[in-house]
Amino acid sequence: MEIRNYQDHDLEACRELYVHMTEWHRTIYDAPAIGGDDPGKEFDKQLAKVGPERIWVAEQEGRIVGMIGLQPGYGESEIEVEPLVVLPEARGGGVGRAMVEHLIPIVREMGHRDLNVHVVGRNAEAIRFYHDVGFNVVGYVELMYDTSPPDKQIWRDGETIAGKRFRV
């Protein structure tokens, strides 16, 4: 496997990866409208936002199987992983871990102290993955108050944090 910088000819493969990521979010939220009618085009927005120099791909046997990117974090010393996605058939084979490990020295060289990731509370699989690759510091917890009527809320019972039960 090779991890390399994004190149223009990777566009369609990266759009495909964005579709897989969107489908996962649609599944965990049971919300088919997430990502709109063409979720692959969302990659174009990410590319325009961060630039091709902040996106890397994992290539195996001539096929793009994963993508990882960096975008600015909250403070000057922070930078955030966004996105990280691996094709379903390539998951569990170390692709995601290799991409994160590839970025760590790059982030250090860029002068950032903190490499952050934001994971939706419902995505337990991603939370476990990130913890396993070393994201074991809780820097921020974002809590939400859903003001919609109870019959319109999408949250389900989920996690215990600091001894309190939260919906995710």
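The values are calculated or read from the model by the stated rules, or taken from the named source; none is laboratory data. Treat the numbers as computed from the prediction; the structure is a model and nothing was measured. Counting neighbours? That spans all protein chains shown, and the Cβs are built from the backbone with ideal geometry, glycine included.
Which of the residues that make up segment 19-42 are within 16 Å of residue 87 (Cβ to Cβ) and touching a Lys or Arg at 6+ places or on another chain (Cβ under 8 Å)?
To start, the set of residues in segment 19-42 that are within 16 Å of residue 87 (Cβ to Cβ) comprises 19-25, 27, 39-40.
Of everything in segment 19-42, just one residue is within 16 Å of residue 87 (Cβ to Cβ) and touching a Lys or Arg at 6+ places or on another chain (Cβ under 8 Å), namely 40.
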For segment 146-168, what are the residues that are modelled with pLDDT under 90, assigned to a strand (DSSP E or B) and farther than 20 Å from residue 27 by Cβ?
-> 160, 161
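Evaluate the following for residue 64: is it closer than 20 Å to residue 1 by Cβ and assigned to a strand (DSSP E or B)? Walk me through it before giving the result.
Working: closer than 20 Å to residue 1 by Cβ: yes; assigned to a strand (DSSP E or B): yes.
It is true that residue 64 is closer than 20 Å to residue 1 by Cβ and assigned to a strand (DSSP E or B).
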Taking the stated definitions as given, is residue 31 surrounded by fewer than 12 Cβ atoms within 10 Å (Cβ to Cβ) and closer than 22 Å to residue 125 by Cα?
-> yes
Quickly run through segment 122-142 and pick out the residues that are more than 16 Å from residue 22 (Cα to Cα) and in a loop (DSSP other than H, G, I, E, B).
-> 133, 134, 135, 136, 137, 138, 139, 140, 141, 142
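Against the condition surrounded by 14 or more Cβ atoms within 10 Å (Cβ to Cβ) and either at pLDDT 90 or above or under 14 Å from residue 80 (Cβ atoms) (or both), how does residue 137 come out, does it pass? I'd like the intermediate steps shown before the answer.
Working: surrounded by 14 or more Cβ atoms within 10 Å (Cβ to Cβ): no; either at pLDDT 90 or above or under 14 Å from residue 80 (Cβ atoms) (or both): yes.
For residue 137, the condition - surrounded by 14 or more Cβ atoms within 10 Å (Cβ to Cβ) and either at pLDDT 90 or above or under 14 Å from residue 80 (Cβ atoms) (or both) - is not met.
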For residue 99: the one exception among (1) more than 30 Å from residue 152 (Cβ to Cβ); (2) part of a strand (DSSP E or B) | (2)
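Is at least one residue of segment 63-71 more than 15 Å from the chain's Cα centre (by Cα), loosely packed, with under 13 Cβ neighbours inside 10 Å and over 16 Å from residue 129 (Cα atoms)?
Initially, segment 63-71 is screened for residues more than 15 Å from the chain's Cα centre (by Cα), giving 63-64.
Still in the list and also loosely packed, with under 13 Cβ neighbours inside 10 Å: 63.
Now drop any that are not over 16 Å from residue 129 (Cα atoms), which leaves 63.
The answer is yes; a qualifying residue exists.
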What are the residue pairs meeting all of these: first residue in segment 59-84, first residue within 19 Å of residue 97 (Cα to Cα), second residue of a type outside the set (Gly, Ala, Ser) and in a loop (DSSP other than H, G, I, E, B), Cβ atoms under 6 Å, and 6 or more apart or on different chains?
-> 60/1; 65/87; 79/112
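Table: residues versus (1) among the acidic types (Asp, Glu); (2) closer than 16 Å to residue 69 by Cβ; (3) modelled with pLDDT of 95 or more.
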position: 2; (1), (2), (3): yes, no, yes
position: 7; (1), (2), (3): no, yes, yes
position: 11; (1), (2), (3): no, yes, yes
position: 17; (1), (2), (3): no, yes, yes
position: 24; (1), (2), (3): no, no, no
position: 27; (1), (2), (3): no, no, no
position: 30; (1), (2), (3): yes, no, no
position: 33; (1), (2), (3): no, no, no
position: 38; (1), (2), (3): yes, no, no
If you check residue 115 against the conditions, is it surrounded by 13 or more Cβ atoms within 10 Å (Cβ to Cβ) and either more than 19 Å from residue 52 (Cα to Cα) or at pLDDT 95 or above (or both)?
-> yes
Which condition breaks for residue 80 when tested against (1) assigned to a strand (DSSP E or B); (2) in contact with a helix residue (DSSP H, G or I) (Cβ under 8 Å, 6 or more places away or on another chain)?
-> (2)
